[in-house]
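Presented below is the structure to which this report refers.
The values are calculated or read from the model by the stated rules, or taken from the named source; none is laboratory data. Bear in mind the structure is a predicted one, so any value in this text is a computation, not a measurement. Cβ placement follows ideal geometry from the backbone for every residue including glycine, while neighbour counts extend to all protein chains displayed. The accessibility values were calculated without ligands, DNA or RNA, using every heavy atom of the protein model including side chains. Shrake-Rupley method; radii C 1.70, N 1.55, O 1.52, S 1.80 Å.
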Amino acid sequence: MSEKKSPVFIVPRLSVMMFLQFFVWGAWFVTVGNYMFKQGMGDSVGWAYSIGPIAAIISPFILGMVADRFFATERVLGALHIVGGVLMFCAPMVVDGAESAGIFLTMLFLHMLCYMPTLGLTNTLAFHNITNQEKEFPLIRVFGTIGWIVAGVFVSKVLHSDQTALPFRIAGISGVVLGVYSLTLPNTPPPAKGKKVSLRDVLCLDAIALLKKPSFLVFIVSSMLICVPLAAYYAYAPVFVNDAGLADPAFKMTFGQMSEIFFMLVMPLFFARLGVKKMLLVGMLAWVVRYGLFALGAPAGTMWMILVGIALHGICYDFFFVTGQIYVDKAAPKPVRGQAQGLLILVTQGVGMLVGAQIAGRLHAAFVMGHETDVLLAWQNYWYIPCAAAAVIMVFFAIFFKASVEKPVEPA
């Protein structure tokens, strides 16, 4: 029997969607810390990386209530990106020194309320319109990585705008473009259309019920916990790179996404040979090694250690998060896959990143701020902590996770 193939041109169309999805995020997310320090808002950087997680906690209600039930996925996706793009474009207009941090963060928060649900919506739309998730989704998702890289290279290496407002305007314009493009994507009807609304649905309890499966519970808990040390990388690695004296820090950070391309493309081969558990473990091990390299390379600003640590992001992200998205799609019954993807966003981009961003901000204040004369030695002490945390979480996952992607959870 021949293998089923997705409709002609659907993979390229979904690839363009994924490219723009991550171009929007990559255009500003890496530069915001250095921009805020330049504008005198450095004390609020931890909150800049907390508003996204807060928005991610709220987003499952949009995914579970709206996308799964009332409106076609592409329409929800388009509306959210258009509104979010306008908000992002206007965000730097409110900045006028340190006292404007509150209103600036409010604008970013409103943007992220629109953006965070789209992470799950793009996955849901892609999975609905392809027939072979293990082979086709990594090829689609890799264009998201390319989008992030192009955004970072453009705003940092080409425009040298790491500390300016330009990245926010570029992100805003590209968000509106993606919103319009989303409306041209294949009609993806809500899987639970016509079903009566209940409190159970509003609270996404069908997806939460999947936690009764021991291995799914271990996966969700591990995903949440690993995002706590991950937040330290997202929030402060660009600042660390800048303190280490590496030029164009946002461009240097794209080396991690460049490595993502290779590992995304070879993921189908690893799936066949390693299975889901070993792939997830390799991704977690890469986190431990990365933070270890940052810590060891910090005192002397050793460039090769810092750059290798950044480049490991490809394994960190692909082997854990992309594998996890595929695992969730396989484990969840079809009617609640949107809810399940939303649950994954809630515990990772939401709870895990929120707790992690707050901890990272406090660690930075305790270990790095006020140590201008020996700042690189201070960074070494900072990076040892997420390194140890990631190692403990990896051991926990290795012991307790048992299931494989070939054993989906059946509907009740």
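Values computed for the structure shown
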{"item": "Three-way shape label, segment 293-382, alpha-carbon gyration tensor, a/c 1.5", "result": "oblate"}
{"item": "Cross-link table Lys135/Lys334; Lys252/Lys330; Lys278/Lys334; Lys135/Lys157; Lys38/Lys157; Lys157/Lys277, entries beyond 30 Å C-alpha to C-alpha", "result": "Lys252/Lys330; Lys135/Lys157; Lys157/Lys277"}
{"item": "Degrees between helix 375-400 axis and first principal axis of the chain (Cα, 0 to 90, nearest 10)", "result": "20 degrees"}
{"item": "15 Å beta-carbon shell around Phe37, net charge (K/R +1, D/E -1)", "result": "-3"}
{"item": "Radius 12 Å from Cβ of Ile306, net charge of other residues (Lys, Arg +1; Asp, Glu -1)", "result": "+1"}
{"item": "Potential lengthening between Asp374 and Gln133 on full extension [0.36 nm per residue; Cα-Cα distance subtracted]", "result": "81.9 nm"}
{"item": "Assigned charges on the beta-carbon of Lys, Arg, Asp, Glu; the chain dipole about Cα centre (debye)", "result": "1400 debye"}
{"item": "DSSP-assigned coil residues among trypsin sites (Lys or Arg not before Pro) in segment 100-200, each with at most 10 further Cβ atoms within 10 Å", "result": "Lys196"}
{"item": "Protein-only accessible surface order, largest first, of Lys213, Lys402 at 1.4 Å", "result": "Lys402, Lys213"}
{"item": "The chain: Rg to Rh, with Rh as the Kirkwood radius over Cα pairs", "result": "0.95"}
{"item": "Residue order for Thr188, Thr373 - accessible surface, 1.4 angstrom probe, largest first", "result": "Thr373, Thr188"}
{"item": "Charge sum, other residues only, whose C-beta stays under 14 Å from Asp162's C-beta, Lys/Arg counted +1 and Asp/Glu -1", "result": "+1"}
{"item": "Residue among Phe401, Leu354, Ala388 farthest towards the positive dipole end of segment 309-412, charges placed on Cβ", "result": "Phe401"}
{"item": "Among 145-151, 365-371, 242-248, the order from most to least packed when residues are scored by Cβ within 10 Å on average", "result": "145-151, 242-248, 365-371"}
{"item": "Lys/Arg +1, Asp/Glu -1 at C-beta; the chain dipole; positive extreme among Met305, Ser174, Leu105", "result": "Ser174"}
{"item": "Dipole magnitude (debye, nearest 20) for segment 246-348, charges at Cβ of Lys, Arg, Asp, Glu", "result": "380 debye"}
